[in-house]
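The values are calculated or read from the model by the stated rules, or taken from the named source; none is laboratory data. As the structure is a computational prediction, the values presented were derived from the model and not from experiment. Every residue, glycine as well, gets a Cβ built from its backbone with ideal geometry; the counts of neighbours run over all protein chains shown. Areas reflect the complete protein model, heavy atoms only, side chains present, ligands, DNA and RNA absent. Shrake-Rupley method; radii C 1.70, N 1.55, O 1.52, S 1.80 Å.
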Amino acid sequence: MNLYLRYFDREVLVTNVDDAIAFLADIDEIGMNAMLERDIRDYVASDVAYPKRYKIRPRVYFIIIKTEAATMADFKDKKAVRTPSASSKPMAPAVMRLNEERYGWYEGALDFKRVSIVPGTGKFQYRDTHFEACCKAESGLDCYQRIVDHLMERVDPRSQFPSAKGKNFKFRYLGDCK
């Protein structure tokens with residue numbers, strides 16, 4: 001596994017994390033420190049395949065990409081593009097599982113903005129609220145809809161609910177119902 005690093009027009013393809021850290025330490029603007037070094041080492045040691053971007057200051061980043069490319073030319077020509085191996089289990093993203101029809105019990109968790117009154121002033125404000133429920137549903141999307149329908153009857157109609165596809169809704173299939 002090789003590492004491609006780029007900061008503006010400076011780029012390098014290295015074979016180990018020590019060379020990557022040495023490259024970054026040579027760039028004064030990055031300000032290499034022990035915490036950044038530890039984070040880079042953790043990223044390289046992990047199974048994470050996607051690129052990692054580090055913020056230097058507003059709108060200024062450097063990037064690290066894990067690659068199988070042996071040379072910079074191979075990397076630029078995209079000759080070492082990763083293909084999923086037969087032994088790795090394909091993981092369906094939550095959005096794909098959302099519409100998967102599977103009747104049974106679901107556990108759903110929703111983070112939403114609830115409108116509530118401030119007792120001292122009589123004014124209204126939004127409060128982050130977490131809600132969890134178990135329900136019978138046909139899919140993850142149906143579970144989301146049942147939870148939102150339930151909450152709409154019980155909270156102020158100005159409350160804001162997140163999208164079922166967003167990070168503020170999570171669901172888990174618990175099993176068949178009888």
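Entry remark, the stretch 154-164: residues being at pLDDT below 90 and open to solvent by less than 20 Å² (accessible area, probe 1.4 Å) number 1 in total. Within the stretch 138-153, identify whether any single residue is in a strand (DSSP E or B) and modelled with pLDDT of 90 or more, and answer yes or no. Within the stretch 138-153, not a single residue is in a strand (DSSP E or B) and modelled with pLDDT of 90 or more. When restricted to residues that are out of contact with any helix residue (DSSP H, G or I) (no Cβ under 9 Å at 6 or more places or on another chain) and either under 29 Å from GLU101 (Cβ atoms) or of a type in the set (Lys, Arg) (or both), the stretch 112-128 contains 3.
The residue of the stretch 104-127 that is farthest from the chain's Cα centre (by Cα), among those that are of a type in the set (Val, Ile, Thr) and exposed (fewer than 14 other Cβ atoms within 10 Å of the Cβ), is THR121. If ALA20 meets every condition in (1) closer than 18 Å to ALA69 by Cα; (2) without any contact (Cβ under 8 Å) to a residue 12 or more places away in the chain; (3) not charged (D, E, K, R) apart from one, which number is that one? The number of the failed condition is (2). Restricting the search to strands (runs of 3 or more DSSP E) fully inside the stretch 1-82 and requiring at least 3 residues that are among the β-branched types (Val, Ile, Thr) and open to solvent by less than 90 Å² (accessible area, probe 1.4 Å) gives 60-67. Give the residue that is farthest from the chain's Cα centre (by Cα), with candidates limited to residues of the stretch 24-57 that are small (Gly, Ala, Ser) and within 15 Å of LEU3 (Cβ to Cβ). The qualifying residue farthest from the chain's Cα centre (by Cα) is ALA25.
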